[in-house]
Amino acid sequence: FHLKKKRSVMEDELEGLRANFPLSFGKTSKVSAPIESIHSATRRTDAGADAGVSSDFATKKPDSGFPSLTSSSETWLRTARGPNRNPNSSSLKDDVAMGPPPPPSKPTREEEEEDDGVMMGPPPPPAKGPGNGNDSDDEEEMIGPPPPPPAVVDSDEDSDEDDVYDDEENRYKIPLSNEIQLKGHTKIVSSLAVDSAGARVLSGSYDYTVRMYDFQGMNSRLQSFRQIEPSEGHQVRSLSWSPTSGQFLCVTGSAQAKIYDRDGLTLGEFMKGDMYIRDLKNTKGHICGLTYGEWHPRTKETILTSSEDGSLRIWDVNNFLSQTQVIKPKLARPGRIPVTTCAWDREGKRIAGGIGDGSIQIWSLKPGWGSRPDVYVGKAHTDDITSVKFSSDGRILLSRSFDGSLKVWDLRQMKEALKSFEGLPNNYPQTNVAFSPDEQIILTGTSVEKDSTTGGLLCFYDRTKLEIVQKVGISPTCSVVQCAWHPRLNQIFATSGDKSQGGTHILYDPTQSERGACVCVARAPRKQSVDDYQPEPVIHNPHALPLFRDPPSRKRQREKTLKDPAKAHKPELPMTGPGHGGRVGTTGSSLLTQYLLKQGGMIKETWMEEDPREAILKYAEVAVKDPKFIAPAYSQTQPKTIFAKSDDEEEEGDVKK
């Protein structure tokens, strides 16, 4: 009782003491890694080695002294130090104060004499009169940042370089400083789709699967939350989200496209046409493998697909049994030429198609429109077209082809391309071309060639100047197929891979990008607890017992016997002549025992010298005295043997008759 009373008194005293301290006193806060160290782990090591026009990302080293300085701060520091400072010099970084200021040192006599005119604090009002000693000609030092200097036109080369550097820095803000990779596929990733909010990523591959990634639910392990196989044995060729991001379209090498909801559950599969009907307009669907598909940018019920059967079809999501419109492209000669790619414009009022003969055809969706194209560009490329892309203003069309070129077309004058960028190897029919969010930059990927030492690149081009901006190395051994620059996340997606691996690379900059990769990289995976327990699954397989096993086939038994060295051992051939190597030889094609008996005279071979009739009659008396076999059976009924007459006598009797 006394102990309980003392304990209650002590607890009351402790409660009184706790009232004087904050609630967080004595509690250890969860130590988390700083965000700078997390992003430094994903920083690209070769950011400064990328080929092309130098920008702030190509010149900035990953281990810079001030990673948190923005471009505006750098510009201000450069102007504060004068126009003749080189932006690439290391003194710019060395002059920036990082951390608390050092303690002030004691001034010397010379410094005290020089500091007589230093003004500390707000300046006093100027004294009236000519002898106040505060003339404007006197040089005085100022504490703190100086005001921005007036714009002065300088003809020096250093100032010109400064202006060019500032223009490039402000013009091309490409997020390339950091990189992560979404892995999981076993072959090259051929299709990519990111929803409008930037929350979920879809990647389709030549391994026949589609993987779904969710940035909000994904940690630093970067694992997909769902994997689906749309069509068994068919490559995934295209993925496209609906305008509301509630459904997505999956196009494979089969003739039927599928619709899935946001969580990867199948909603429906479009109809397949009758391959025996010659006119494609009379079939209810595609009759050959699909090549590309895209959702309408405005209407959530409309879908466009292209196929190897030489047609484009517009579908209604609410009706999977038949298409709403069939488009047959214009051909130079009758036949079936595959439509390799297709695209909507931003408003969904025009359709562009890339034909297997190298032509580009554009249809306008207007009342009474048909299969006759409004724009026809024959021989736009010398090989199959892999991608076409409209600009949002409806003036520019981009096309990518197997011939290793990227062409920029003016939709108002389609007779000749504005610019053709050559030397871009392309080995995959899904290689696309894309715009930046402000559509000032064009980007596309390249494939790895057999005898080339260059890996897969992501190339950036200026839309206005029509010149290359930068080339970024994505993978030294894998080709780059699909690419996209998301406007909300400000992150660049690029798919790559080869015959044995595949992944999606995400390029971002922590100072410019938002959400997306920045969220999942900073989220550490859950640590396993001591109390975690997961029982091992028990597999019930009664047919594994020998009693229930099927008897092996004779073919397998023969194969098993042939693999057994003891049973499959070939017997040794008999030797002729004298023995050698530990084996006893034979002489005169007989065994050793017979040979020795013959030589000793114990076995005499008389059958060659004896008459066979005499040899048989030798046993006649023995047969009469001791009959065996058939003779004893007739000893009582027929003691005297009656022999049949010869055949000659019978024949003579027949002749007389």
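Values for this structure:
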item	result
Accessible surface of region 264-374 [probe 1.4 Å, protein heavy atoms]: carbon and sulfur percent	48
Theoretical gain in end-to-end length, S322 to K465 [0.36 nm per residue, Cα-Cα removed]	46.9 nm
Distance between region 525-566 and region 222-250 - C-alpha centres, whole angstrom	35
Where labels lie 7 Å past Cα in the beta-carbon direction, separation of I630 and K563 in nm	5.8
Accessible surface, per residue, of region 443-535 when the full set of protein chains is kept, probe 1.4 Å, Å²	48
At R0 = 41 Å, FRET efficiency that the Cβ-Cβ distance of Q512 and A332 yields, to 0.05	0.30
Rounded if a/c under 1.5, otherwise prolate or oblate - region 485-541, Cα gyration tensor axes	oblate
Region 385-485: Cα Rg divided by the 2.2 N^0.38 Å rule of thumb	1.03
Calculated FRET efficiency for the pair L265/R43, C-beta based, R₀ 35 Å, to 0.05	0.35
Å² per residue, accessible surface of region 168-317 at 1.4 Å	39
Shape category assigned to region 323-381 from the gyration tensor of Cα positions, a/c cut at 1.5	prolate
Unsatisfied cross-links (Cα-Cα over 22 Å) in the set K187/K407; K389/K415; K328/K389; K272/K328; K389/K499	K187/K407; K389/K499
Mean shadow area of region 260-417 over all directions, Cα convex hull, nm²	9.9
Prolate/oblate/rounded label for region 209-311 (Cα gyration tensor, a/c 1.5)	prolate
Length released on extending from D611 to I314, taking residue separation times 0.36 nm less the Cα-Cα span	96.3 nm
Alpha-carbon centroid distance for the pair region 428-501 / region 320-334, whole angstrom	32
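The values are calculated or read from the model by the stated rules, or taken from the named source; none is laboratory data. Values in this document were obtained by computation on a predicted structure and should not be read as measured data. Every residue, glycine among them, receives a Cβ derived from its backbone with ideal geometry; neighbour counts consider all protein chains shown. Quick note on the areas: whole protein, heavy atoms, side chains included, nothing else; ligands and nucleic acids left out. Shrake-Rupley method; radii C 1.70, N 1.55, O 1.52, S 1.80 Å.
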